[in-house]
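One structure follows; several queries about it will come next.
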Amino acid sequence: MALACLIVGCEEARGGGRLRSELPFAGASVIDYQARQAAAAGAKYIVILVERLPAALVAAIDRLKRDGLRVEVARSVTDAADHIHPDERLLLMADGVIVDHDTLDRMVVEPSPTVLTIADRADTQHWERIDATHRWAGLAMLDGALLRRTVEMLGEWDLQSTLLRRAVQAGAAALDAEAEGADPLLYIIDEDRTAQAIERAHAERVVLDASGWPDARLFAPVARLLAPEALMRGVHGTVLRGVGLGLTVVGLPLAVFGWFFLAALAAVLGGLVDSVGRHADGLSLGTRRHWPLWQRARLSLLAALLAIVPARLVEQGGGWGHGVVAAATLGAMLSLALQRRMGPRPPAWTADAEALLLLFAPCALIGQPGIGLALAALYAFASLIAAQWRAVRAAAARPRG
């Protein structure tokens, strides 16, 4: 059966006036993040149990539905149970609880009933106690039948705690969040200050597929620092990616005027800001359906920049060889992109657009853009040869039928 998710959003935050679920987190709200995380872990639809619907929660639910998530709002425990089929697997997420993706992924493959636990010690006293040595870490794998049986006998009792007790009484297995050296991020968000600290901790765990070594080694560490700060100030990933694209556009007229170093610098900065935007989207679990369009737009602009440089050099008295070198570089990079898509992963040092920019920029700074083009071409062809050699070796290593 499909996996459903029940998120409880009834508790008031510290200080009163707001619910935990509506506190700002990762550029949206806690409930926003919980729902997107559940969907990313495989939940086909999400039921949010709330006793009241403040404007922030209504806006969050609208955002989730706009992004294609199946979300239902339950105003009572009976309503929540009616949305879950008795045979369905059910992921329960406690009020205001945020966990890291690895811990959640471990949880959703467990059989029902299973509860996530942490050891009872001084720094875990704010988590609900299960027994003398364990506390509940805010996640449980249940099923619709247990939910319905609990609702039938619930009365005025708290659903979240009662479900936990019923699961434990039913012989629920315990999944230790810290087993085998795991380093989980487990938090209950009950005030703005807590949310900000958790955002920064989560940003360190965001791992995206890097386009090449400049992105992995240079841009990503900076992006992990800046992405949560941007989200806290209401600057979302889409805005940052637009700024990155704009910086790359600025590089085109700079190249036309022959200011090649400034053009390359603008394009490199555009790549950095784009990386911050991608990490902001990754941290907030925003939709990624437009990511290929952003990438194609940036690569198209960089290809235009590669075409402008030799054209300007020819105008300045350089030979037509510059155009041949630029065309060869573009051809090598297109072949390398195809090789990346179809063959085994090339070596980590191979060229990408950002790496070519970083190689070209110092040469442009010292007034030798022609040498920069030549070095970029050599780097591109060396990368292509290495990628093809790896593909040949991988093909030779396959068993023949």
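The values are calculated or read from the model by the stated rules, or taken from the named source; none is laboratory data. Nothing here was measured: the structure is a model prediction, and the numbers come from that model. Neighbour counts run over all protein chains shown; Cβ positions are idealised from the backbone, glycine included.
I'm checking my understanding of the structure. Among residues of the stretch 1-47 that are of a type in the set (A, V, I, L, M, F, W, C) and over 23 Å from Leu163 (Cα atoms), which one is farthest from the chain's Cα centre (by Cα)?
Just the residues of the stretch 1-47 that are of a type in the set (A, V, I, L, M, F, W, C), to begin with: 1-8, 10, 13, 19, 23, 25-26, 28, 30-31, 35, 38-41, 43, 46-47.
From what's left, over 23 Å from Leu163 (Cα atoms): 23, 25-26, 28, 40.
Numbers: Leu23: 20, Phe25: 14, Ala26: 11, Ala28: 14, Ala40: 10 Å.
Per the criteria, the residue is Leu23.
Is the stretch 105-127 home to any residue that is of a type in the set (Lys, Arg) and closer than 18 Å to Gly171 by Cβ?
In the first step, residues of the stretch 105-127 are kept if they are of a type in the set (Lys, Arg); the result is 106, 121.
Going one step further and asking which of them are closer than 18 Å to Gly171 by Cβ, we end up with none.
No, the stretch 105-127 has no match at all.
Determine, yes or no, whether Arg288 is part of a loop (DSSP other than H, G, I, E, B) and assigned by TED's automatic domain parsing to the domain that holds Glu229.
Values: part of a loop (DSSP other than H, G, I, E, B): yes; assigned by TED's automatic domain parsing to the domain that holds Glu229: yes.
Considered against the rule, which asks whether it is part of a loop (DSSP other than H, G, I, E, B) and assigned by TED's automatic domain parsing to the domain that holds Glu229, Arg288 comes out as yes.
Among the numbered criteria (1) over 30 Å from Leu358 (Cβ atoms); (2) within 29 Å of the chain's Cα centre (by Cα), which one does Leu164 miss?
Tallying (1) over 30 Å from Leu358 (Cβ atoms); (2) within 29 Å of the chain's Cα centre (by Cα), Leu164 fails exactly one: (2).
Applying the selection to the stretch 109-148, what residues are at pLDDT 90 or above, surrounded by fewer than 16 Cβ atoms within 10 Å (Cβ to Cβ) and more than 25 Å from Arg205 (Cβ to Cβ)?
Asp120, Arg129, Thr133
What residue, of Arg89, Arg106, Arg63, is in contact with a Ser or Thr (Cβ under 7 Å, 6 or more places away or on another chain) and either surrounded by 15 or more Cβ atoms within 10 Å (Cβ to Cβ) or free of Cβ contacts under 8 Å to residues at least 24 places away in the same chain (or both)?
On the way: Arg106 fails: in contact with a Ser or Thr (Cβ under 7 Å, 6 or more places away or on another chain); Arg63 fails: in contact with a Ser or Thr (Cβ under 7 Å, 6 or more places away or on another chain).
Sole residue among the options that is in contact with a Ser or Thr (Cβ under 7 Å, 6 or more places away or on another chain) and either surrounded by 15 or more Cβ atoms within 10 Å (Cβ to Cβ) or free of Cβ contacts under 8 Å to residues at least 24 places away in the same chain (or both): Arg89.
Right, something else. Every residue in the stretch 48-89 that is among the acidic types (Asp, Glu), under 23 Å from the mean Cα position of the chain (by Cα) and closer than 19 Å to Ala2 by Cα, please.
Going residue by residue through the stretch 48-89, those that are among the acidic types (Asp, Glu) are 51, 62, 67, 72, 79, 82, 87-88.
Okay, now just the ones that are also under 23 Å from the mean Cα position of the chain (by Cα), so 62, 67.
Scanning the stretch 48-89 gives no hits.
Okay, moving on. Has the stretch 108-128 got any residue that is part of a loop (DSSP other than H, G, I, E, B), over 17 Å from Pro184 (Cα atoms) and in contact with a Gly (Cβ under 7 Å, 6 or more places away or on another chain)?
Taking every residue of the stretch 108-128 in turn, none turns out to be part of a loop (DSSP other than H, G, I, E, B), over 17 Å from Pro184 (Cα atoms) and in contact with a Gly (Cβ under 7 Å, 6 or more places away or on another chain).
Now a separate question. Just the residues that are of a type outside the set (Asp, Glu) and exposed (fewer than 14 other Cβ atoms within 10 Å of the Cβ), please, taken from the stretch 315-333. Step through it out loud before you land on a result.
Start the filter on the stretch 315-333 by keeping residues that are of a type outside the set (Asp, Glu), which leaves 316-333.
Residues satisfying the conditions are Gln316, Gly317, Gly319, Trp320, Val324.
Step by step: first the residues of the stretch 2-34, then only those that are small (Gly, Ala, Ser) and outside any loop (DSSP other than H, G, I, E, B), then the one that is nearest to Leu142 (Cα to Cα). Which residue is that?
Keep residues of the stretch 2-34 that are small (Gly, Ala, Ser), which gives 2, 4, 9, 13, 15-17, 21, 26-29.
Next cut, outside any loop (DSSP other than H, G, I, E, B) only: 4, 21, 28-29.
On the way: Ala4: 10, Ser21: 22, Ala28: 28, Ser29: 25 Å.
Here the residue is Ala4.
Can you pull out every residue in the stretch 40-60 that is closer than 22 Å to Asp281 by Cβ and either touching a residue at least 40 places away in the same chain (Cβ under 8 Å) or assigned to a strand (DSSP E or B) (or both)? Give the steps one after another, and end with the answer.
Restricting attention to the stretch 40-60, the residues satisfying the condition of being closer than 22 Å to Asp281 by Cβ are 40-43, 46, 56, 59-60.
Passing the criteria: Ala40, Ala41, Gly42, Ala43, Ile46.
Being of a type outside the set (Lys, Arg), touching a Pro at 6+ places or on another chain (Cβ under 8 Å) and assigned by TED's automatic domain parsing to the domain that holds Leu23, is that true of even one residue in the stretch 148-162?
Going through the stretch 148-162, the residues of a type outside the set (Lys, Arg) turn out to be 150-162.
Subset that is touching a Pro at 6+ places or on another chain (Cβ under 8 Å): none.
No, there is no match, as no residue in the stretch 148-162 is of a type outside the set (Lys, Arg), touching a Pro at 6+ places or on another chain (Cβ under 8 Å) and assigned by TED's automatic domain parsing to the domain that holds Leu23.
Just wondering, is there one or more residues in the stretch 188-201 that are over 30 Å from Leu302 (Cα atoms) and at pLDDT 90 or above?
Yes, the stretch 188-201 contains at least one residue that is over 30 Å from Leu302 (Cα atoms) and at pLDDT 90 or above.
Another question, then. Taking the options Arg278, Arg312, Arg296, name whichever one is in a helix (DSSP H, G or I) and surrounded by 24 or more Cβ atoms within 10 Å (Cβ to Cβ). Full working, then the answer.
Numbers: Arg312 fails: surrounded by 24 or more Cβ atoms within 10 Å (Cβ to Cβ); Arg296 fails: surrounded by 24 or more Cβ atoms within 10 Å (Cβ to Cβ).
Only one candidate passes the filter, namely Arg278.
From the list Gly270, Gly282, Gly318, pick out the single residue that is farther than 27 Å from Arg205 by Cβ and among the small types (Gly, Ala, Ser).
Exactly one of Gly270, Gly282, Gly318 is farther than 27 Å from Arg205 by Cβ and among the small types (Gly, Ala, Ser), namely Gly318.
Right, another one. Kindly indicate which of Ala55, Ala39, Ala94 is buried (at least 24 other Cβ atoms within 10 Å of the Cβ), closer than 25 Å to Glu191 by Cα and not β-branched (Val, Ile, Thr). Reasoning before the result, please.
Working: Ala55 fails: buried (at least 24 other Cβ atoms within 10 Å of the Cβ); Ala39 fails: buried (at least 24 other Cβ atoms within 10 Å of the Cβ).
Result: Ala94 is the single residue among Ala55, Ala39, Ala94 that is buried (at least 24 other Cβ atoms within 10 Å of the Cβ), closer than 25 Å to Glu191 by Cα and not β-branched (Val, Ile, Thr).
Then there's this: Cβ contacts < 7 Å: first residue assigned by TED's automatic domain parsing to the domain that holds Leu175, restricted to the stretch 126-143; second residue among the basic types (Lys, Arg) and surrounded by 14 or more Cβ atoms within 10 Å (Cβ to Cβ), any location; separation 6+ or different chain. Result?
Partner pairs satisfying both residue conditions: Trp127/Arg135; Glu128/Arg135; Arg129/Arg135; Met141/Arg89; Asp143/Arg89.
Can Arg296 be described as assigned by TED's automatic domain parsing to the domain that holds Val256, among the charged types (D, E, K, R) and at pLDDT 90 or above? If you could, list the steps in order and put the result at the bottom.
Working: assigned by TED's automatic domain parsing to the domain that holds Val256: yes; among the charged types (D, E, K, R): yes; at pLDDT 90 or above: yes.
Yes, satisfied.
If you don't mind, another one. Being assigned to a strand (DSSP E or B) and β-branched (Val, Ile, Thr) is the filter; apply it to the stretch 66-86 and report the residue that is surrounded by the fewest Cβ atoms within 10 Å (Cβ to Cβ). Give the steps one after another, and end with the answer.
Applying the first criterion (assigned to a strand (DSSP E or B)) to the stretch 66-86 yields 71-74.
Subset that is β-branched (Val, Ile, Thr): 71, 73.
Working: Val71: 20, Val73: 17.
It comes out as Val73.
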